[in-house]
Amino acid sequence: MQEQAHNQLAASELMSRSVLEGTRIGTWQWNVQTGETIFNERWADIVGYTLDELAPIDINTWLKLAHPDDLPESGRLLEKHFAGQSAYYDCKCRMQHKDGHYVWVHDRGRVISWTKDGKPLMMYGTHADITEQKQAELELKASRDQFQALVANIPGITYRCKADSDWTMLYMSGSIDPLSGYPASDFINNSVRSYASVIHPEDQSRLELDVNSAIAEKRNWLLQYRLLHKDGTMRWVEERGQAEFNEDGEVICLDGFILDITEEKSLKQQLLKLTSQLPGVVYQYQQWPDGRAAFPYASDNIKKIYGVSAEDVKHDATFLFSKMHPDDLQGLAQSIEQSANNLSVWQHQYRFFSNDSHPVWLSGSATPERMPDGSTLWHGYIEDVTATKQHYFELERLNKEYRLSQQRLDIASETAQMGFWQASLKTGELWWSPVIYQIFGLEDSVVPSVALFKSTLHPDDRQLVANSEQKALETGLHDVVHRIIRPDGSIRWVHELAKMLPAEQNPQQIMVGSVQDVTERIELQQLKDQFISTVSHELRTPLTAIKGALSLLNSNKLGQVPDAMHRLLDIASSNSERLAQLINDLLDMEKLIAGKMPFDIQPLAVVAELQQAVDNLQPFAMQHHVDLVIEAVGASMVLADALRLQQVLTNLLSNAIKFSPAGSDVKLIAQQQGENVQIVVTDKGAGIAPEFQHRVFERFAQADGSNQRQKGGTGLGLAICKELVQQMQGSISFSSKPCVETRFVVSLPIAGIALSADSKGENA
């Protein structure tokens, strides 16, 4: 019995060895824990070695031969098998042959014994050479990829479909996507929609009839029809196709090609319309080696150009050369000869006497084609450019004047240190004149851009410039003074002044303006402000003492003063009050400029604020015999500082009262304008002189600058008003028609919901 079992085992082993040898399979045994490995001779032969050449052999023998890129995947599959997640280790990988190239092997194996603590111990497996199989797969994939690339690059759609009513697609190339707006996958087996569903309804019955007729006659078809794009537009296509039949003459499927001819259709229609409308002549000009020339085709406008009909020059046109301007004849002949010899595009301008009087300028261009009889045929267009030439000559003259003016402007610009620029806030593109390089201290080689400009801004002024640019989008005006930092670290003050067209007319947000170096002016202003601030502070204490002394004398507490002295004291007291007001205004202006003026912004009832201002100035108005009138239309709550708003209203009202004729009205109007409340002060006084209007909001600016001016004032009131309003996130403006009406408009942000109020007028 034992001998029989031994024989069976030997026979089984012999059969296994025969199978391995017959299938040329390499075998391996691996002690996972020690790394000890046993390979058979076929295993070594796969990679071009003998076992003796590979000795000593262990697991590192395989690791050294395996392709580095395949080791991570091999390790992952091994761990998966060790973890019991797969019954076998199965991996296709590359091993380096002795000759240097790589062979593909199919590596299979299984753990057959485990350690006591559950770790893999002995593992047996095989290696099969699958290089040829893998190479065939790669070649097949490359062929498939090449075919797909070729189909994808064909400027049209290839398809195969069933011969049913819906033309159910079996295959359709991806080019259908831009043509219909739907991916090819939508049409395959009509999974989402049929191809017939995107054909224009008016063309469907015709197409079905033509295709069925072609199938019945076993011929190809050529069709033109319309497709409906997903976006609602219509596309013209041309389809060429044929049916495929089996041995019994039955239709198997339909194959075809679809090409987008929308542009061709559109261009053809446009060409027909344009040719009839063109001012020049569309023509064919033919010239033979013997010098004979003719116009085989010419549009009707040849009569306008050459003064002859198309029929007159259809067979012979050489006589036209006699009407060419003598100075241009040689150049024209040479240009035609050169075009004929080189088959290059002919382009030329020349003069022609169409009516034997003044010559007209003609401009022609044409593409040559060599004909079988040795002649050259040009296809082209000729037009009368006399007016254009005259404009060109005039433009040349103006250009000379412009260059002279530009030189003068450049000199003036450099002298004034003022440059000019154009910028697109949307694209970041920027152009500027040469003097700006000097202002910003940049090299001429630097390419200007909005980003470059912003990089030069002083950090403390960047938001100021950004706010001005944002405001320009709304008002069209960019007016800002700020600092820049030059590459050498020096700081300069510049004044930017620019305009921008409304957004609907200016999609690129282009702004055109100037920039001027105002450093010296700013520094002078700062010195002046510092001087005024110092003087103001120094004067306040002694002036307070003087006012107190005058007040005490005028009170008669120190005894009755003579009438003559009393008049002098009144004059002194009045002037001390004016001086005190000037000092207070100067100090207010100093605080505003330094940003030290406190503001308590809160919602305020507009009507109540207007009434308070009127109540405060009623005595002053009565003194000047002026009536104050409040008009509130849709009055709202406004965001403002109550004290500063009253300061602004008091200044504007007092100015209006002072300059109004006796018996007239000064109106205080409140109205809602979008997201703002507008407060308008109007009077019918003499108004503001046009030559002074640009200086209204400047400090110390007064229309009557003489020492004997009648109305008084410090010249700071309106400048303070502007600063106060701007720091309350508002704006102030004015308009004035002398002796008709002067309007000052204060615009402040609205707060909350507008209060419903009927229009009303109230005499105060």
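For the reader, a short list of remarks on this structure follows.
- Accessible surface, 1.4 Å probe, highest first, among residues Trp114, Trp361: Trp114, Trp361
- Thr115 contributes about 40 Å² of solvent-accessible surface, heavy atoms of the protein only, 1.4 Å probe.
- Selection from Leu78, Ala163, Gln204 lying farthest towards where the dipole of the stretch 76-227 points positive, charges on Cβ: Leu78
- Placing Met371, Met728 in order of accessible area, with the largest value first and a 1.4 Å probe, yields Met371, Met728.
- Rough spin-label spacing in nm, given labels placed 7 Å along Cα→Cβ, for Ser365 and His379: 1.6 nm
- Cα centroid separation - the stretch 644-690 against the stretch 40-102, whole Å: 97 Å
- Loop-located GluC sites (Glu not before Pro) in the stretch 155-254 whose Cβ has at most 12 other Cβ within 10 Å (DSSP): Glu217, Glu247, Glu250
- Listed peptides 61-68, 156-163, 192-199 appear in the order 156-163, 192-199, 61-68 once ranked by packing, highest mean of other Cβ atoms within 10 Å at the front.
- Here r is the Cβ-Cβ distance between Lys303 and Lys389 and R0 is 22 Å; the resulting FRET efficiency, rounded to 0.05, is 0.55.
- Descending semi-axes in whole angstrom, ellipsoid equivalent of the stretch 28-172, from the Cα gyration tensor: 44, 21, 11
- Length available on full extension from Asp166 to Ala503: 0.36 nm per residue minus the Cα-Cα distance, which gives 116.3 nm.
- In this structure, Ser735 and Ser424 have a Cβ-Cβ separation that, at R0 = 25 Å, corresponds to a calculated FRET efficiency of about 0.20.
- Paramagnetic reach from His97 in the stretch 42-67 [backbone N under 11 Å; point 7 Å along Cα→Cβ]: 46-49
- Per residue, the accessible area of the stretch 219-354 comes to 60 Å², computed with a 1.4 Å probe over protein heavy atoms only.
- Heavy-atom accessible area ranking, 1.4 Å probe, most first, across Glu496, Glu264: Glu264, Glu496
- Virtual spin-label span in nm between Lys314 and Gln349, 7 Å along Cα→Cβ: 3.4 nm
- Divide the volume of the convex hull around the Cα atoms of the stretch 200-315 by the residue count and you get 201 Å³ per residue.
- Label-to-label distance for Asp255 and Ile510 is 5.6 nm, based on points extended 7 Å past Cα in the beta-carbon direction.
The values are calculated or read from the model by the stated rules, or taken from the named source; none is laboratory data. Everything numeric here is computed off the predicted structure, so don't read it as measured data. Positions of Cβ are generated from backbone atoms using ideal geometry, with glycine treated the same way; all protein chains shown enter the neighbour counts. What goes into the accessible areas is simple: the full protein's heavy atoms, side chains included, and nothing from ligands, DNA or RNA. Shrake-Rupley method; radii C 1.70, N 1.55, O 1.52, S 1.80 Å.
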